[in-house]
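Beneath this line is the structure, given in structure tokens, with notes to follow.
The values are calculated or read from the model by the stated rules, or taken from the named source; none is laboratory data. On a predicted model such as this, the values are computed, not experimentally measured, just so you know. Positions of Cβ are backbone-derived with ideal geometry, glycine not excepted, and every protein chain shown enters the neighbour counts. Side chains are part of the model used for accessible areas, which takes the heavy atoms of the whole protein and leaves out ligands, DNA and RNA. Shrake-Rupley method; radii C 1.70, N 1.55, O 1.52, S 1.80 Å.
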Amino acid sequence: MMFCGECGYKNKLDAKFCEECGKPLKAEEKSEIKTTPKKQKERKPMSKQSKIIMIISIIVIILLSIGFIIGKNLTDPKKVATAYFNAATSYDADKLYSYLDIKNSEFTSKKVFKKIVERMKKENNPKKITNYKVTKTEKSNSGLSMYVTISYTIEGKTNDETEQITLTKQKNNKFLFFENWKVSDNSLKTVDDFELSVLKNSKVTLEGIELDKKYIDKEESTSSTDVYQLPAMLPLTYEMKIELPFGFSLEDELNVNTYSNSQTIHFDEDNIPSKEKEKMTEQAKKDLEIIYKGIIENKNFDDIKNNFEGKNIELDDLKDEYEDLKDSMSSYTTTSLKNIEFKDMELRNLELDDDGYLTMYLYTKYDYTIAYEEDGETKQKTKSSSDGIYVSYSYTDDSYHLVDMSSLPSYFSKYF
């Protein structure tokens, strides 16, 4: 069949003109189109440099992804709070130190902090926490604070306990992209310019560190007290040793906190070592017996003063008291003291006077023997009594020297 190109009529295959419209018919030329297959372009192998770049790019993408996940995890307020909770409850000094708002000084070093925390751990004997979980998180209205409540259980207890940790949002992001939350706790802040007042010329050691004289504030110090101005201290309890200018040391604690930035170490009978108290009272017994023996034997003070002499020791006050006591005792004509022996002696008060002397109030028991006239004959009687007396000592040449006394008994009765 051949179709007319003009009218589309179907004509016989060998027709030369269209039977319908008479237009000449053109035979369709069939041409065999030969298709040649396209030549496939050959791939060039990837260069070593390109491979390296591609590998590095993949690694960077992986690392960035991991870093993002880790960064998000590390800066999550709940994670920050639980990390602090774990460090605090386990007394982890290394981790806890990272939370401190530190102003550097020789008293705020990590070494000092670890010593104090280890001691606290031993003293407090912390209970074992068996489990814990974050039970509540709450943001402040401003969005700048976060309150994280952690519930936990302690070994041997059935009831839950809770701890609320406050976090504050910092101005600068952490790792560039993440909110920076920090534990907010006043007890984590160092205390600046802490004042420590001690007896003048004492040597003070805090956690094994001897206080340098450069820290003494001369304007605040007095004739009897050195005032140290310490640049920065941890808000904790320091172990302190004070070597007094009397040949012995006091063991004490320096309690540093954010509510009070000063402490005075009082020198009194309560913080003196028992051995030193015994030494003081034994010296007082010996000296008082020398005083009374001199009066019994009717000696002048110059006859006995060698018992009290020492380097730069002023004995004028002691001499006056001795002579007054001697006059007072000689005024009683009915009795005369023959012997006195001091027994129990208790140090009830100790102070440092303005002259730097140790003034002691001693309560003492003593036995005494008196002679008296009765029915024309001389008789003797031994009795026991007790009194409170005051003595003052100067400490020099590693020994105590009596420099003053008062309230000594002068009347010894045969009736009581």
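Here are some pairs, 241/285; 241/311; 338/414; 279/414; 128/241; 293/379; which of them have Cα atoms lying more than 24 Å apart in this structure?
Values: 241/285 29 Å; 241/311 28 Å; 338/414 12 Å; 279/414 32 Å; 128/241 33 Å; 293/379 20 Å.
Result: 241/285; 241/311; 279/414; 128/241 exceed 24 Å.
Listed values for the stretch 399-408 are Karplus-derived 3J(HN,Hα) couplings in whole Hz (6.51 cos²θ - 1.76 cosθ + 1.60, θ = phi - 60°), namely 8, 8, 10, 5, 10, 6, 7, 7, 6, 6, and x replaces Gly and Pro.
Measuring gaps between exposed loop sites in the chain (GluC sites (Glu not before Pro); DSSP loop; at most 11 other Cβ atoms within 10 Å), the longest gap, sites not included, is 43-154. For residue 217, the amide hydrogen comes within under 5 Å of the amide hydrogens of 227, 228, 229, counting only partners 5 or more places away or on other chains and with H modelled in the peptide plane.
Run through the DSSP bridge list for the chain and note the antiparallel percent, rounded to the nearest 5.
Values: 84 of 88 bridges.
Taking every DSSP beta bridge within the chain, about 95 percent pair in antiparallel fashion.
In this structure the amide hydrogen of residue 190, modeled in the peptide plane, comes within under 5 Å of the amide hydrogens of 101, 103, none closer than 5 places in sequence on its chain.
Which whole-number percentage describes the relative contact order of the chain, with Cα contacts under 8 Å and a sequence gap of 6 or more? It would help to have the intermediate numbers written out before the result.
Working: 662 pairs, mean separation 36.8, N = 416.
Result for the chain is 9 percent.
Got a number for carbon plus sulfur as a percent of the stretch 258-416's accessible area, 1.4 Å probe? Percent of accessible area from carbon and sulfur atoms in the stretch 258-416: 38. Computing Rg and the Kirkwood Rh from the Cα coordinates of the stretch 213-286 gives a ratio, Rg/Rh, of 1.04.
Once you have the alpha carbon radius of gyration of the chain, what is it after dividing by 2.2 N^0.38 Å, with N set to its residue count?
Numbers: Rg = 49.1 Å, N = 416, 2.2 N^0.38 = 21.8 Å.
So the chain has a normalised radius of gyration of 2.26.
Here the sum of -39500 (n - 2.57) over DSSP H runs of 4 or more residues, divided by the residues of the chain, equals -8000 deg cm²/dmol at 222 nm, to the nearest 500. Taking a straight Cα-Cα cut-off under 12 Å and skipping sequence neighbours fewer than 8 places away in the same chain, the aspartates and glutamates within cross-link reach of residue 10 are 19, 20.
Heavy-atom accessible surface of the stretch 244-367, averaged per residue, reaches 58 Å², computed with a 1.4 Å probe.
For the pair the stretch 368-416 and the stretch 244-269, the centres of their Cα atoms are 37 angstrom apart. Loop-located trypsin sites (Lys or Arg not before Pro) in the stretch 78-142 (DSSP state other than H, G, I, E, B) with a sparse environment of at most 16 neighbouring Cβ atoms within 10 Å: 103, 127, 128.
Taking every C-alpha pair closer than 8 Å and separated by at least 6 residues, the mean separation divided by the residue count of the stretch 309-367 gives a relative contact order of 27 percent. Of the chymotrypsin sites (Phe, Trp or Tyr not before Pro) found in the stretch 111-188, those in coil by DSSP whose Cβ has at most 13 other Cβ atoms within 10 Å are 175, 177. Here residue 103 is the anchor, and the aspartates and glutamates within straight C-alpha reach of less than 12 Å, apart from those fewer than 8 places off in the same chain, are 192, 193. The label point for residue 297 and the one for residue 147, both projected 7 Å from the Cα toward the Cβ, are 8.1 nm apart. As an exercise, take the mean of 1/r over every pair of distinct alpha carbons in the stretch 210-349, invert it, and state the Kirkwood radius in angstroms. Hydrodynamic radius (Kirkwood, Cα pairs) of the stretch 210-349 is 19.3 Å. The chymotrypsin sites (Phe, Trp or Tyr not before Pro) of the stretch 259-358 that meet both conditions, a loop assignment by DSSP and at most 13 other Cβ atoms within 10 Å of the site Cβ, are 259.
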